[in-house]
Amino acid sequence: MNNSVGNTARLIGAGLRALLVLTVICGVLYPLAVTGVAQALFSDKANGSEIRDKSGHVVGSSLIGQTYNLPKKDPNDPQEAAKPDLKWFQPRPSNGLGTNSVNTQYSLVLSGATNRSADNGAVNGTCTKASEEGSLCAQVIAAKEAVVSDNSTATYKVKPQDVPADAVTSSGSGLDPNISPAYAELQVHRVAEKNGLTVKQVEKLVEDHTTGRTLGFMGEPRVNVLELNTALKALTKG
């Protein structure tokens, strides 16, 4: 009986010592080591990839997209549709996720996309204005018409065939912070006109904020909308 109690006590003691050692190693030393390495070598990424404006204020993260809309006439009216503020470069649509999602305006509550196929709502295999209301085809057609209308100016007319796919479709997460160089360039004339800048000035902004493929072959060239608009704000305010 005494041997049994003694063995049990030794096992409990060994278990507690192991718990203490592993807690110190895995719960204290390892997190501190990883945090230290991250802060020393990847400080920007470790702190959320924050973007700051000219005055040093944090305006967002380069990893999360955000909208640039005009204020609502009635902020408490959920039925009032948000309208884009056309003096800024606009991101990808975030309302293409379908009615099954709450992430309609880059909301961080939920990240995800609809499972609708590319031909959802198509008529005889083609997306037309006769497509069922609320279908993916109908959303894309409406988005394309808006892009053409919003970005056409007195001296520059956008052709429907020039509208890139990312201008009319949301990303898989609904939070994509980037747009294609083609979509950024399509917006140049409108942004220049709204801000009293020359087209060359705005084109230079886009060029300076275009990132190539990772390692030269992975992914696609991209433009971070928040970084671009932050630079645009600094330019317009001198």
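The values are calculated or read from the model by the stated rules, or taken from the named source; none is laboratory data. Please read these numbers as outputs of a predicted model, since none were measured by experiment. All Cβ positions, even for glycine, are placed from backbone atoms using ideal geometry, and neighbour counts span all protein chains on display.
Per-structure values
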| read-out | value |
| --- | --- |
| Residue check for D176: touching a helix residue (DSSP H, G or I) at 6+ places or on another chain (Cβ under 6 Å), in contact (Cβ under 8 Å) with a residue 40 or more places away in the chain, among the acidic types (D, E) and surrounded by 15 or more Cβ atoms within 10 Å (Cβ to Cβ) | no |
| Complete set of residues in segment 128-168 that are surrounded by 18 or more Cβ atoms within 10 Å (Cβ to Cβ), in a loop (DSSP other than H, G, I, E, B) and in contact (Cβ under 8 Å) with a residue 24 or more places away in the chain | V158, V168 |
| Residue tally, condition modelled with pLDDT under 75 and under 22 Å from R222 (Cα atoms), over segment 109-165 | 3 |
| Residue check for A192: outside any loop (DSSP other than H, G, I, E, B) and either at pLDDT below 95 or farther than 19 Å from V163 by Cα (or both) | no |
| Qualifying position, being of a type in the set (A, V, I, L, M) and under 14 Å from the mean Cα position of the chain (by Cα), among L228, L215, L205 | L228 |
| Filter result (within 18 Å of V58 (Cβ to Cβ) and part of a helix (DSSP H, G or I)) within segment 195-237 | V225, L226, E227, L228, N229, T230, A231, L232, K233, A234 |
| Qualifying residue in segment 185-197 (condition: of a type in the set (A, V, I, L, M) and over 21 Å from T211 (Cα atoms)) | yes |
| Test: residue in segment 205-228 that is closer than 21 Å to T153 by Cα, surrounded by fewer than 18 Cβ atoms within 10 Å (Cβ to Cβ), modelled with pLDDT of 95 or more and touching a helix residue (DSSP H, G or I) at 6+ places or on another chain (Cβ under 8 Å) | no |
| Among residues of segment 179-189, those that are of a type in the set (G, A, S), surrounded by fewer than 21 Cβ atoms within 10 Å (Cβ to Cβ) and either assigned to a helix (DSSP H, G or I) or in contact (Cβ under 8 Å) with a residue 60 or more places away in the chain (or both), counted | 1 |
